[in-house]
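**Student:** The structure's right below; bear with me while I get my questions together.
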Amino acid sequence: MKKVYFKTFGCRTNLYDSQVMMSSLRDYEITQNEEEADAIVINSCTVTNGADSHVRSYIGHVEKSSDAKIFLTGCGAHTKGEKLLEEKRVHGVFGQSEKQKIDFMLSQDKPFYDPGDLNHIDNSVVDDFIGKSRAFIKIQEGCNFRCSYCIIPYVRGDARSMDEGRILEQISRLALNGFGEFILTGTNVGSYGQDTKTSLAKLMKKISQVRGVRRIRLGSVEPIQITDEFKEILDEPWLERHLHIALQHTSPQMLKLMNRRNVYKQDRELFELLAGKGFAIGTDFITGHPGENDALWAEAMQNARELPLTHLHAFSYSKRDGTPSSTMKPEVNGKVAKARLHELEILIEEKNFDFRKAYRGELEVLIENEKDGSYHGFDQHFNKVIVESNEDLVGNWINVQNYTAKGDSNYVKL
C-alpha cells in the first residue's frame, strides 16, 4: 500500500481538515515520516505573505529531497494553486470541500485543479486525532465579516454552521476514545448558529453534557459575539479559563479603516469583566496596516497597556491582493511594522508573566507530549506547563499546586 504524509500549515481549522482527510483514507497508509511517502498532501494557509512563503519553502524542500507527488489543498489552493500547478511544482490542487474524496484525489495520474465548492458544509464524523491529546472540532465554516485586510472570506466562503447532531455525535465518539478536552474551531467560531437559529452558547451547554467531556476551549471569537447569553456560561467549570477575543487593533480610527465591528471602549469593558472572573485573555492584532501613523500607534500601545491581556497572536500587515486594504495609503514601512509588532509582543509577554506569577490557584493540566525528557501540556489558562516526572504522563490530566513561573512557561517537578 502506498504511503501518504500530511503537512499542515495555519490554523486549527486546517488541523481538523487534515484529520478528516486522514480518517477518510482507505487506499493509502498514513506515514509520520515524509521521507518514505509516495504522496505528500500540503494543507496550506494563505492568511499572510509569510504563510505563502512557508508553503513555497516546504514545496522546495520536498522537491530537493523526495520523489513524492505533491498535492496542495487548504486556503492557498484558491490563491496560489493554479500558479503552482502551472509551474509544475505540484501534481494536484483541490479545495477544502473535496477532502473526503482524498483517495480519488491521490489516485489521479494527470495533473489537476479542482477548487471545489465554497458553500460546502462538512458531513464527516472524526472519531480519532492521530498524535493528539486534544480533539479539534470544526463547528462552522466561512465568515460574513468583511474586514478590509482579510482574504479568508474569499477562500472559505460565507459563514455556515455544521449540523449540531453531527458535532455532538463526533464529540461522543471522541470522548469514548479517551479525549477529554475539545477545541471548537472554524473560520469565525462565534458566528455558529446564526444561520440555524441557535447559538454558540447553546451548543457549548449541550457539549458539556456529553459523558467524558472535561474541558471546552474556543478558537478566536469576536467581541460582539460575547453576548449576554454567552456571559451566562462564564462561570461553568467545563469552560476554559482562557478566551481568545480578536481585536486586531485598539485605536478607534484604525478599527474604522480596517472595517472592524468592535469598539475599543466596549472591548475594554468586556475584557475587564472577564479578567475580574479570572480569565486569561488573548487577542489577535495587526501592526503596520495602511494609515497607522506614529500617533495612532502610540494610542494603540497605551490602550494595550491598560487592557488585561495575557496572550497574543499578532502579525505585521501583509498585503493581500483583491482586498480593500491593498490599495490604501499611506503604507507603513515593513521594518516599522515589525518593530511595532516586537514592541507589542514584549508587552504581552510581560503581562503573561505577571499573570502567572500572581495566580495562586491550582493548575489543571492536560499533558500532550514528551520532549527532551520533560512532559509538556497546557493549563486552564492556556499557559504552557513543563513537568519533570519519572512516570509516563502523556495524555494524562494532572492537578498542580506547586509550580514555578518562569519567563516562557510554568515549571513543575513531581
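**Student:** Taking a cut-off of 21 Å between Cα atoms, list the lysines near Lys83, but don't count ones fewer than 8 places away on the same chain.
**Tutor:** Lys83 reaches Lys7, Lys64, Lys69, Lys99, Lys110, Lys319.
**Student:** I've got another one for you. Under 5 Å between amide H atoms, partner at least 5 residues away or on a different chain: which partners does His311 have, H built in plane at 1.01 Å?
**Tutor:** For His311, whose amide H was placed from the backbone, the distant partners under 5 Å are Ile281, Gly282, Thr283.
**Student:** Note down the net charge around Leu393, summing +1 for each Lys or Arg and -1 for each Asp or Glu among other residues with Cβ under 13 Å from its Cβ.
**Tutor:** Summing Lys/Arg as +1 and Asp/Glu as -1 gives -3.
**Student:** Distance between Cα centroids, region 346-390 to region 167-184: provide it in whole Å.
**Tutor:** Spelled out, the Cα-based centre of one part sits 24 Å from the other.
**Student:** Calculate the length of the line joining the C-alpha centroid of region 26-77 to that of region 135-153, in whole Å.
**Tutor:** 23 Å
**Student:** Here's something else I'd like to know. Please work out how much length the chain gains when fully extended from Glu345 to Lys277, using 0.36 nm per residue of separation minus the C-alpha to C-alpha distance, in nm with one decimal.
**Tutor:** This chain segment gains 22.1 nm when fully extended.
**Student:** Just to be sure I understand: with springs between alpha-carbon atoms less than 10 Å apart, which residue in Gly157, Gly76, Gly165 has the highest mean-square fluctuation in the Gaussian network model of the chain?
**Tutor:** It is Gly165.
**Student:** OK, next. Distance between the C-alpha centers of region 287-340 and region 219-262? Whole Å please.
**Tutor:** 19 Å
**Student:** Sticking with this one: Straight-line reach from Lys406: which lysines fall under 25 Å, measuring Cα to Cα and dropping same-chain residues less than 8 apart?
**Tutor:** Lys277, Lys351, Lys357, Lys371, Lys384
**Student:** If you take the square roots of the eigenvalues of the alpha-carbon gyration tensor of region 3-114 and sort them as a ≥ b ≥ c, do you get rounded (a/c under 1.5), prolate (a/b over b/c) or oblate?
**Tutor:** Rounded.
**Student:** Something else now. What Cys residues in the chain have no fellow cysteine's beta-carbon under 4.7 angstrom?
**Tutor:** Here Cys11, Cys45, Cys75, Cys143 come out as lacking a disulfide-compatible partner, given the Cβ-Cβ threshold of under 4.7 Å.
**Student:** Quick one: Leu255, Leu234, fewest Cβ neighbours within 10 Å first, how do they rank?
**Tutor:** Fewest-to-most ranking of Leu255, Leu234: Leu234, Leu255.
**Student:** Restricting the count to DSSP beta bridges whose residues both fall in region 363-413, what percent are antiparallel, rounded to a multiple of 5?
**Tutor:** So the antiparallel bridges in region 363-413 amount to around 80 percent.
**Student:** Among bridges DSSP assigns within the chain, what percent are antiparallel (round to 5)?
**Tutor:** 30 percent
**Student:** How big is the Rg/Rh ratio for the chain, C-alpha atoms only, Rh by Kirkwood, two decimals?
**Tutor:** 0.95
A short reminder: the numbers here are calculations on the coordinates, not readings from a lab. What you see is a predicted model; the values in this text were computed from it and never measured. Every residue, glycine as well, gets a Cβ built from its backbone with ideal geometry; the counts of neighbours run over all protein chains shown.
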